[in-house]
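These notes concern the structure reproduced below.
The values are calculated or read from the model by the stated rules, or taken from the named source; none is laboratory data. This one's a predicted model, so the numbers in the text were calculated from it and none came from an experiment. No Cβ is skipped: glycine too gets one built from the backbone with ideal geometry, and neighbour counts run over all protein chains shown. Heavy atoms of the whole protein, side chains included, go into the accessibility calculation; ligands, DNA and RNA do not. Shrake-Rupley method; radii C 1.70, N 1.55, O 1.52, S 1.80 Å.
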Amino acid sequence: MTVVGPFGLSVRDQALEADVQAGLAAVEEGLLEATKSSVPFITEAAQHLVRAGGKRFRPLLTMLAAQFGDPYAPGIVPSAVVVELTHLATLYHDDVMDEADVRRGVPSANTRWGNSVAVLTGDFLFARASHILADLGPEAVRIQAEAFERLVTGQILETAGPQDGRDPVDHYLDVLSGKTGSLVAVSGRFGAMMSGADETVVDVLTQYGERLGVAFQLADDLLDIASDSHESGKTPGTDLREGISTLPVLRLRERAAAQGLAEDLELCALLDGDLGDDGRLAEVLRRLREHPALEQARRDTLRYAEEARAVLAPLPECFAKTALAEMCDAVVHRAG
């Protein structure tokens, strides 16, 4: 049993391990090649987050999904590079919107070079992803375009907030399906599709990726509260400071409205205040870490991971299917 990829995922078959490791290495080379420019400064900025590392969660899913067809098909690695480039581009933009100082344990691009460079570097990565995508055919272009539209829509809906009368938790889960689930779903879809897998397999792995992506983002939301910078690679409480009500906060507000407990109402008032003050933010983080709402959000995360695992049932039994099932556990374990 060998550990590969993000979260210490275990692979129990040497042939699968070799395929996954070779695929991820090729993706890494592809990312570096795709982020080169004739302008040295652009290369430096574009490779900033590539070289900072990362979980490569989406390319790993693409490699595992490809095992249900021909894992050596030529479109697999480029499609994984496209998905990861798109993800990286959104991180540059997210950090500008969030005014984040740290990403993947290094200064964010906006902190280092300013917002304009960060936004334009994200645009550069989108352009490079599109260039690679064009060689994968019109169907791949359409799939990626639809996913990107969903991603942006999810981000806008998060900013706009729920409409009057809409349950905030339901709204937020829809937001996550768009801004995170969509691209993870494409990771599974591209891997299966590019490998020539049966259409039913492609559909299963698309649905799996959607649910796993939501679980992944919910785990990230928990980490934003429950971890320190060393563990998460970014500044704790970034979402809170930006005024984004992630699931633990929504569960807190839900509980406060239903039960009216003084300590819950007080914590909600703190959240509604100015969290630009480091001391106030630290106090909110401390109290949220001890609050039952955090555990409830963990249960929600587990539920989405279990739904992802259940979707895999129709797939033939193999080591790749086992690894995909273990990814469900690994995603939840990050926020355990």
Worksheet item: Carbon and sulfur: what percent of region 22-94's accessible surface (1.4 Å probe)?
Response: 59
Worksheet item: Over its Cα atoms, what ratio of radius of gyration to 2.2 N^0.38 Å does region 19-145 give?
Response: 1.06
Response to the item:
Note to self: C-alpha centroids of region 74-133 and region 29-61 sit apart, in Å, by 8
Worksheet, complete the sentence: So, relative contact order of the chain in percent, Cα under 8 Å, 6 or more apart, is 20
Discussion item. With the crude spin-label approximation of a point 7 Å out along Cα→Cβ, what separation in nm comes out for Q14 versus R166?
Written reply: 5.3
Response to the item:
Ignoring ligands and nucleic acids, T153 exposes an accessible area, probe 1.4 Å, in Å² to the nearest 10, of 70
Fill in: 222 nm mean residue ellipticity, helices alone, for the chain (DSSP H n ≥ 4; -39,500 (n - 2.57); rounded to 500)
-23000 deg cm²/dmol
Fill in: Whole-angstrom gap from region 291-331 to region 168-211, using each part's C-alpha centre
14
Worksheet item: Quick one: how many Å² of E149 are accessible to a 1.4 Å probe, rounded to 10?
Response: 120
Item to complete: With label points built 7 Å along Cα→Cβ from the Cα atoms of E139 and A310, find their separation and express it in nm.
Response: 3.0
Worksheet item: Going by accessible area, probe 1.4 Å, with all protein chains left in place, what is the ranking of H291, H131, largest first?
Response: H131, H291
Worksheet entry | Spherically averaged projected area of region 198-333 from its Cα convex hull (nm²) | 9.5
Fill in: Solvent-accessible heavy-atom area per residue, rounded to whole Å², over region 199-336 at 1.4 Å
44
Item to complete: Quick one: which residues, 5 or more positions from V102 or on another chain, have an amide H under 5 Å from its amide H? H modelled 1.01 Å from N in the peptide plane, none for Pro or chain starts.
Response: S108, T235
Worksheet item: Leaving out ligands, DNA and RNA, what percent of the accessible area of region 191-336 is carbon and sulfur, probe 1.4 Å?
Response: 51
Worksheet, complete the sentence: Probe 1.4 Å, all chains present, heavy atoms only: E306 accessible area in Å², nearest 10, is 80
